[in-house]
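Asks: Pasting a structure below so you can have a look.
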Amino acid sequence: MYIVLNKDRMVIEKEQDVVPYRNRVKEFAVKIGMSLVNQTKLITAASELVRNMLKYANGGVTTIEVISKGRENGIRLIFEDKGPGIADIKLAMKDGFSTGKSLGLGLPGAKRLSSEFDIKSTVGKGTTVTLIKWKNG
Amino acid sequence: MDRIPILRMGNFLLVTIQVDLYDRLAQNLESDLVQMVSKTGARGVLIDISALSIVDSFMGRIIGNIGSVSKIMDAETVVVGMQPAVAITLIELGLELKGVHTALNVERGMQLLKEKILIEESEPDEE
Ligand SMILES: Nc1ncnc2c1ncn2[C@@H]1O[C@H](COP(=O)(O)OP(=O)(O)OP(=O)(O)O)[C@@H](O)[C@H]1O
Ligand SMILES: [Mg+2]
């Protein structure tokens, strides 16, 4: 399984938290020597997910971890909110589906940009998204 | 409230985004630019994003909005200087910058705008 080498938590409650959060993710990615393209993919996915937390759940808590599995290092990000949850995850993961009159790209796009992606949600309880970007993945 | 400066160069408006934008700032830029286009009758908008290390769907939507509103007001929008890693990421994210042209750098962007406007002006669309 994964070994967690380093860990940080950040509370996201307002729009102004997005840029500092992205910068923190970048610091972690740089520290493990992730390539610029992979960093950019990771940070863009992270940005989509914190935006969703803010827009649909009034914020939440994010965890940034450096993880290792065998020889491979990577970054794992966890986004937890106590918002309304998502009734139909399959639908929410479709390109173009949005209840927020937006592009509906955040969730499916973040999945494409990640090496591993998992979303769990319970209506009335909240949503947890976990993604991993391997250093060379 | 912070604002991003908009330069006027003849028929064109030029904006250089220097830092990763906070959302409010990006929204201000959108409305400021649109107002400037209507006030000055500018025919082209050039947005230099070479300092942006990421463009997510929020920023992409703002750029797209600037392009489509400007178009309605008869101005073309060119986005220049997108970093290669940003371009690669945008494609995977699935974001199309509809309604805006792209160019490698400011010079080529200017050139593109001039060509677009010349073509339009040489098309006889009135009697
Ligand atoms: N954390 C969340 N809590 C509750 N609902 C969510 C959450 N994240 C996403 N959703 C739901 O899933 C839908 C799809 O999300 P996605 O990020 O793909 O698109 P969007 O946010 O609507 O548009 P975009 O991200 O392109 O601006 C949202 O419209 C919303 O209904
Ligand atoms: Mg979204």
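The values are calculated or read from the model by the stated rules, or taken from the named source; none is laboratory data. Just so you know, these numbers come straight off a predicted model, no measurement behind them. Positions of Cβ are backbone-derived with ideal geometry, glycine not excepted, and every protein chain shown enters the neighbour counts. Side chains are part of the model used for accessible areas, which takes the heavy atoms of the whole protein and leaves out ligands, DNA and RNA. Shrake-Rupley method; radii C 1.70, N 1.55, O 1.52, S 1.80 Å.
Asks: Taking A:LEU103 and the conditions (1) in contact with a helix residue (DSSP H, G or I) (Cβ under 7 Å, 6 or more places away or on another chain); (2) at pLDDT 95 or above, which numbered condition does it fall short on, given that it satisfies the others?
Replies: (2)
Asks: Can you work out which of the residues in the range A:62-76 that are open to solvent by 40 Å² or more (accessible area, probe 1.4 Å) and part of a strand (DSSP E or B) is nearest to A:ILE3 (Cα to Cα)?
Replies: A:LYS69
Asks: Any idea which of B:LEU52, B:LEU46, B:LEU29, B:LEU33 is open to solvent by less than 10 Å² (accessible area, probe 1.4 Å) and assigned to a strand (DSSP E or B)?
Replies: That would be B:LEU46, the only listed residue that is open to solvent by less than 10 Å² (accessible area, probe 1.4 Å) and assigned to a strand (DSSP E or B).
Asks: Right, another one. Sort out which residues of the range A:75-96 are touching an Asp or Glu at 6+ places or on another chain (Cβ under 9 Å) and of a type outside the set (Val, Ile, Thr), and write them in order of number.
Replies: Of everything in the range A:75-96, those that are touching an Asp or Glu at 6+ places or on another chain (Cβ under 9 Å) and of a type outside the set (Val, Ile, Thr) turn out to be A:ARG76, A:LEU77.
Asks: Now for a separate question. What are the residue pairs meeting all of these: first residue in the range B:11-40, first residue more than 14 Å from chain A (Cβ to nearest Cβ), second residue open to solvent by 80 Å² or more (accessible area, probe 1.4 Å) and among the β-branched types (Val, Ile, Thr), Cβ atoms under 8 Å, and 6 or more apart or on different chains?
Replies: none
Asks: A further question on this structure: Just to verify a result, which residue in the range A:88-127, among those that are within 16 Å of ligand 2 (Cβ to nearest atom) and among the hydroxyl-bearing types (Ser, Thr, Tyr), is nearest to the other protein chains (Cβ to nearest Cβ)?
Replies: Among them, the one singled out is A:SER102.
Asks: Identify, by number, the condition in (1) part of a strand (DSSP E or B); (2) more than 8 Å from ligand 1 (Cβ to nearest atom); (3) touching a Leu at 6+ places or on another chain (Cβ under 7 Å) that A:PHE79 doesn't meet.
Replies: (2)
Asks: I've got another one for you. Do you know which of the residues in the range A:27-53 that are surrounded by fewer than 20 Cβ atoms within 10 Å (Cβ to Cβ) and within 12 Å of chain B (Cβ to nearest Cβ) is nearest to A:ALA110 (Cα to Cα)?
Replies: By that ranking, first place goes to A:VAL37.
Asks: Filter the range A:106-122 down to the residues that are among the β-branched types (Val, Ile, Thr) and more than 9 Å from ligand 1 (Cβ to nearest atom) and list them by number.
Replies: Within the range A:106-122, just A:THR122 meets the criteria.
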